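S.K.: My questions all concern the structure below.
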Amino acid sequence: MRIRVDDLSGEATRSLIAHHLADMRATSPEESCHALDVDALREPAVTFWSAWDGDDLAGIAALKDLGAARGELKSMRVADAHRGRGVGRALLHHVMGAARARGLSTLWLETGTPPAFLAARRLYADEGFTECGPFGDYVNDPFSVFMMRLL
């Protein structure tokens with residue numbers, strides 16, 4: 001698997017982002033959906049990566065710099081055909097490594113509470129993330145779980 005910085009111009013990448021956004025909206029109310037669209041993923045504070053298995057897009061993830069040596073994991077998604085193959089863990093390790101290399105000391109994330117998010121919450125917990133309160137502009141929400149990890 002190759003993980004590379006992605007400029008968000010490719011059809012496969014854009015399609016997976018669109019699928020991710022549609023899925024988030026199908027499982028959570030609109031006000032509880034915090035996934036970023038392509039334009040938001042192009043903001044200067046965000047670095048976006050894609051993971052490739054040959055010519056197949058296997059997954060995506062982003063890191064948003066929050067300032068004060070803090071980063072936020074954003075838009076983590078594994079393509080349906082690649083689930084259960086370690087793509088999510090590989091992307092998470094890649095993002096954590098990039099965050100450390102940039103001198104960040106903590107990594108934060110928001111994920112969902114519905115059953116569809118259980119695998120993601122388990123992955124994050126397995127990798128040392130612990131539940132915490134809202135951070136940044138987030139507020140308490142029954143559809144959100146907030147987690148953080150020291151780097």
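Bear in mind these aren't lab numbers, they're just calculated from the coordinates by the rules spelled out. Because the structure is a prediction, the values reported are computed rather than measured. A quick note on method: Cβ atoms are made from the backbone with ideal geometry, for glycine too, and the neighbour counts reach across all protein chains shown.
S.K.: Using alpha carbons only, how many angstrom separate the centre of region 96-121 from the centre of region 1-48?
M.R.: When both Cα centres are located, 15 Å separates them.
S.K.: Shifting gears a bit: For region 53-68, take each phi angle, set θ = phi - 60°, evaluate the Karplus expression 6.51 cos²θ - 1.76 cosθ + 1.60, and give the result in whole Hz per residue in order, putting x for glycine and proline.
M.R.: 10, x, 9, 9, 6, 9, x, 9, 6, 9, 10, 10, 7, 8, x, 6
S.K.: To continue, here is another question. What FRET efficiency do you get for Ala22 and Thr130 if R0 is 30 Å and r is their Cβ-Cβ distance, rounded to the nearest 0.05?
M.R.: Computed FRET efficiency for Ala22 and Thr130: 0.50.
S.K.: Most exposed first by the Cβ proxy, i.e. fewest other Cβ within 10 Å, how do Ser75, Ser32, Ser9 rank?
M.R.: So the ranking, lowest neighbour count to highest, is Ser9, Ser32, Ser75.
S.K.: Continuing with this model, one more query. Given H placed 1.01 Å from N in the peptide plane, which residues other than close sequence neighbours of Gly59 have an amide H under 5 Å from its amide H?
M.R.: Ala51, Ala79
S.K.: While we're on this one: What number comes out for the charge environment of Leu41, summing +1 per Lys or Arg and -1 per Asp or Glu over other residues with Cβ under 12 Å away?
M.R.: Once positives and negatives cancel, what remains is 0.
S.K.: Shifting gears a bit: With 10 angstrom as the radius, rank Ser15, Ser50 by how many other C-beta atoms surround their C-beta, starting from the fewest.
M.R.: Ser15, Ser50
S.K.: Helix-only estimate, please: 222 nm mean residue ellipticity of the chain, summing -39500 (n - 2.57) across DSSP H runs of length 4 or more and dividing by its residues, to the nearest 500.
M.R.: -9000 deg cm²/dmol
S.K.: Please list, ordered by chain and number, the residues whose modelled amide H lies under 5 Å from the amide H of Leu151; skip anything fewer than 5 residues away on the same chain.
M.R.: Long-range HN contacts for Leu151: Thr106, Leu107.
S.K.: Restricting the calculation to Cα positions, tell me the Rg (one decimal) and the Dmax (whole number) of the chain in Å.
M.R.: Rg and Dmax of the chain, Cα atoms, are 14.3, 41 Å.
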